[in-house]
């Protein structure tokens, strides 16, 4: 149906982005295709070195899945910071990552985890890295007639440290700035790190230089400060009701610092 | 606009309605079925005044299409009291603890709280506050709402232990 109806048609997942957008007349699709009846999109599987999460898995399910909590606890930590209980019962991982809203938290997290998105259409399936999927505000690698069906995450190594730090004004708000961090530690030396940022640019941002700067480094004020300023350097937030450009840039660095410290503490 | 027939169960009663495909669940309830407990506050999925229980989950019915509730089970505040007219322990506790002032948010608070207590029968104060974080109250400062939910939880647990 999606390919027949083309750009007049949008898939309907949890509906908590598309319905508000339709109310605001920011979106006016002629057709919505409800994905609610497709059970195959609701599976979570952990094993074989990767985690696979169907597009229709809700934030509430991400929060309460015991196997996800064990293999990759940063996912639940992030979900808990999204919206409120009612919205999390409806809102889905697929909707959150596919919509291309820079305010959403899951795109940044998926870049941090180096996830791959499976995009399907009547012509077949292809895979796109979360780090390459986002082109701009609501502009993604998705083509008309194509739908994101699955998110595949390489399982982070046992003993990894993690943290998702989000500055927001109130429950349910988008981030003033947020950062997701995964680290592997050996004593106080960082073996590898992955850092990504939310809502401080037109898209979520993978902070490649900041991540690399920590690999092999002793974690101390100087190295963490350097990573934070490298991360700040790739941001381009706009001044809005959440703060000025300067403030939000600075807060991106603060969130990175906090997340690195907490992740290192949690690593074993 | 094409009409769609929606069949669902609301507060234990099987109902049917012909709706536009764009009709929201809150409008189906309030305008087609005359169930006006769920309120429209912000109409942008922030305030929680329109909260109903749909298939065992609390949802903001202003952000669910009526057709998404096809064959669903809906519970609203109207379905909370017992058949003999006695109040649900949460309703009684809201009365006893002055858990409302103007009352606008109350139907949403009550229906959200009953789902919260089903998932977590013994919540801490923090868990209650997190559990109702999608429901805004502009009168009470939440203090007595939290107290009421806590009191209802104790009441329900005592009753269950006695049975």
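Readers should treat all values here as calculations from the given coordinates under stated rules, not as data from a laboratory. In this text, all values refer to a predicted model and were calculated from it rather than measured experimentally. We place every Cβ from the backbone using ideal geometry, glycine too, and count neighbours over all the protein chains shown.
Restricting to Cα pairs below 8 Å that are 6+ residues apart, what does the relative contact order work out to for the stretch A:111-196? Please round to a whole percent.
26
May I ask for the percentage of alpha-carbon pairs in the stretch A:36-76 that lie more than 13 Å from each other?
50
Go ahead and run the numbers for FRET between residue B:119 and residue A:39, Cβ-Cβ distance against an R0 of 22 Å, rounding to 0.05.
The pair residue B:119/residue A:39 has a calculated efficiency of 0.45.
Please give the FRET efficiency for residue B:98 paired with residue A:238, using the beta carbon to beta carbon distance and R0 = 35 Å, rounded to the nearest 0.05.
0.20
Which percent of the Cα-Cα distances in the stretch A:161-266 go past 16 Å?
More than 16 Å apart: 50 percent of the Cα pairs in the stretch A:161-266.
Does anyone have the angle between helix A:221-233 and the longest principal axis of chain A? Alpha-carbon axes, 0 to 90°, nearest 10?
30
Given contacts defined as C-alpha pairs under 8 Å and at least six residues apart, what's the relative contact order of chain A, whole-number percent?
17
Let me know the mean shielding of B:56-63 by other chains, meaning the per-residue number of their Cβ atoms within 10 Å of its Cβ.
Average per residue, whole number: 6.
Test of understanding: in a Gaussian network model of chain A with alpha carbons linked when under 10 Å, which of A:159, A:37, A:103 would top the mean-square fluctuation ranking?
A:37
For the stretch B:27-88 and the stretch A:130-183, compute the distance between their C-alpha centroids and round to whole Å.
32
Please find the FRET efficiency linking residue A:139 to residue B:42, where r is the Cβ-Cβ separation and R0 is fixed at 41 Å, and quote it to the nearest 0.05.
0.90
Return the single residue from A:57, A:171, A:128 with maximal mean-square fluctuation; model: Gaussian network over chain A, springs between Cα atoms under 10 Å.
Residue with maximal mean-square fluctuation among A:57, A:171, A:128: A:171.
Over the whole of A:13-21, what's the average partner chain Cβ count within 10 Å per residue? Rounded to a whole number, please.
Across A:13-21, the average partner-chain Cβ count within 10 Å equals 4.
Roughly what would the spin-label model give for residue B:160 and residue B:9, points 7 Å off Cα along C-beta, in nm?
2.1
Let me understand chain B better: what is its radius of gyration from the alpha carbons, and its Dmax, in angstrom?
15.9, 55
Taking 8 Å as the Cα distance limit and 6 or more residues as the minimum spacing, I'd like the relative contact order of the stretch A:180-264 as a percentage.
30
Quick one: plug the Kirkwood hydrodynamic radius of the stretch B:3-79 (C-alpha pairs) into Stokes-Einstein at 4 °C, 1.567 mPa s, and report D in µm²/s.
The estimated diffusion coefficient comes to 108 µm²/s.
Using Stokes-Einstein with the Kirkwood hydrodynamic radius over Cα pairs, what translational diffusion coefficient do you get for chain A at 25 °C and a viscosity of 0.890 mPa s, in µm²/s rounded to a whole number?
131
For chain A, modelled as a GNM with alpha-carbon contacts under 10 angstrom, which of A:193, A:208, A:66 fluctuates the most?
A:66
Put a dot 7 Å past each Cα toward the Cβ at residue A:223 and residue A:169; how far apart are the dots in nm?
Distance between the two pseudo-spin positions: 3.8 nm.
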